[in-house]
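A short write-up of the structure that comes next.
The values are calculated or read from the model by the stated rules, or taken from the named source; none is laboratory data. What you see is a predicted model; the values in this text were computed from it and never measured. Cβ sites come from the backbone with ideal geometry, for glycine too, and all protein chains shown count toward neighbours.
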């Protein structure tokens, strides 16, 4: 059995280092391709298109004289039209508007923290203006908890925010999945929900999945610990199981 000499070992080490550096560069350049996973299916799945000034804003289930108007911010994969499964979680008397993110579905633009936040704010302000006498609340799943928490920092924030399988800080989720990479140095779209919600005075309700393999339940607990007034529910299942059955009921009680 031959033993490699020092020059050969050095070459192998240099190749390994070079490969690692190239991997870091690739992750830095393509991190948004890894984070955002839009689809572009033309189906509406029974939802109505929601347009404003000729621009597709998303999809909706609208009812006459809604008790509450909800803006729903979905996860990082798919598109708004895929989210008809969320409707049973809302009262039939409420209107639900599901935001289409820039670069998702047939909406133009590119996905990023900035574009998601801007689209969420635009949609929220549109609904506030369109329903001046009706509570406008926010519900969000997974990555949608980032722009949802951002809306809490607006001068006229939502009356209630419901976060489902949320993260505390997105960079911590990425670091947990890629511990072999210097994620904290590379990450660009780092929503910090704990910081965003710090001064929020509205109702905050959180649903976390006990067996969540994407965003550990510790993230939801960290948000709840930072907001003593928050209501935390631990539900059974994995990250994408929350809409199965009646685990999550999204309601706004104006009396609380």
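Quick notes on this structure:
- Qualifying position, being free of Cβ contacts under 8 Å to residues at least 12 places away in the same chain and either surrounded by 15 or more Cβ atoms within 10 Å (Cβ to Cβ) or part of a helix (DSSP H, G or I) (or both), among 129, 119: 129
- Considering 147, 111, the condition of being touching a residue at least 24 places away in the same chain (Cβ under 8 Å), touching a helix residue (DSSP H, G or I) at 6+ places or on another chain (Cβ under 7 Å) and within 20 Å of residue 220 (Cα to Cα) is satisfied by 147 alone.
- Filter result for residue 252 (in contact with a strand residue (DSSP E or B) (Cβ under 8 Å, 6 or more places away or on another chain), surrounded by 21 or more Cβ atoms within 10 Å (Cβ to Cβ), part of a loop (DSSP other than H, G, I, E, B) and in contact (Cβ under 8 Å) with a residue 24 or more places away in the chain): yes
- Positions within the range 78-104 being within 26 Å of residue 192 (Cα to Cα) and part of a loop (DSSP other than H, G, I, E, B), in sequence order: 79, 100, 101, 102, 103, 104
- Condition met for residue 163 (more than 16 Å from residue 50 (Cα to Cα) and either modelled with pLDDT of 95 or more or over 18 Å from the mean Cα position of the chain (by Cα) (or both)): yes
- Criterion applied to 46, 75, 42 was being over 21 Å from residue 125 (Cβ atoms), in a loop (DSSP other than H, G, I, E, B) and under 20 Å from the mean Cα position of the chain (by Cα), and the one residue passing it is 75.
- Residue, surrounded by the fewest Cβ atoms within 10 Å (Cβ to Cβ), within the range 166-193, restricted to residues that are modelled with pLDDT of 95 or more and over 30 Å from residue 133 (Cα atoms): 192
- Annotation: of all residues in the range 184-217 being in a helix (DSSP H, G or I) and without any contact (Cβ under 8 Å) to a residue 40 or more places away in the chain, the one that is farthest from residue 141 (Cα to Cα) is 185.
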